[in-house]
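The structure appears right after this line, and notes come after that.
The values are calculated or read from the model by the stated rules, or taken from the named source; none is laboratory data. Note that the structure is a prediction, hence the values are computed from the model and not measured. Heads up, the Cβs are rebuilt from the backbone with ideal geometry, glycines too, and the neighbour counts pull from every protein chain shown.
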Amino acid sequence: MDAKKQSSLSFFWDGDENPTRLIENILPLVSRFSNVPEEKLKEIISIAVVTTLTGKYTEYEFTTEFDENRIFHLKHDNYDFLPALSSGDRIVLWITLVAALSKSAVNNLTFIAHRPFHRIDSRKRILIEEVMKDDVGNARVILLDSKRDFDLILELFSSCSSSKSLH
C-alpha cells in the first residue's frame, strides 16, 4: 500500500483569520496532498475562483495567474483584485477552493473550521453550507461554531428549500 494514500492531512482554519494569504498560497499548500499535475491544479483553482466570483461581480472580467513562486493572483484590469474583495467574499472563496481541491486529495483530508460563519452575512452562510455539503468530495468537514450561528443557517436553509419547492 502507498503510505501517502494512508496518511491523513488536517487543515485548521480560524474564522477570525483573514484567508487572503491562504488563497495566495493555495498551490504550494495543495501540492502537499495531491498527486494531480501542477498545471491541472492551476486550472482547477482558476475555474473555482472565476466561477465563485462571476455570480456576484457580473460586470468584471477576471484573470488568474501564478507568479514564479507559485503564488496565486486574481486580476481585474491588470490590478490585483484579491485585496479588494470583502472579507466575506474571501471566506467564501477560501472554502470553495478547499472544497474544489479536496477532490484531488490522495490523503484522507479533514477540514476543521472554527467560527467560519460569524463574519459573513446570511447569503454567504448559505453559499458556504451548499459548497460544503455538495463539493467536498471525500474530505471530512468539521465546523465549530455557536448554536446560534448553526440555528440561523438551518433556518435560512429551510426557508430557501421551501421557496425552491414552490417554483
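Observations
- Filter pass, residue 88 being modelled with pLDDT under 70 and closer than 23 Å to residue 72 by Cβ: no
- If you go through the range 33-60 and keep only what is of a type in the set (Phe, Trp, Tyr) and either in contact (Cβ under 8 Å) with a residue 24 or more places away in the chain or buried (at least 19 other Cβ atoms within 10 Å of the Cβ) (or both), you end up with just 33.
- Checked across the range 88-101, the condition of being in a loop (DSSP other than H, G, I, E, B) and in contact (Cβ under 8 Å) with a residue 12 or more places away in the chain holds for no residue.
- Scanning the range 67-87 for residues that are part of a helix (DSSP H, G or I) and either within 16 Å of the chain's Cα centre (by Cα) or more than 21 Å from residue 123 (Cβ to Cβ) (or both) turns up 82, 83, 87.
- Residue 156 being among the aliphatic types (A, V, I, L, M), at pLDDT 80 or above and surrounded by 15 or more Cβ atoms within 10 Å (Cβ to Cβ): no
- Yes/no for residue 102 being modelled with pLDDT under 90, within 25 Å of residue 129 (Cα to Cα) and not basic (Lys, Arg): yes
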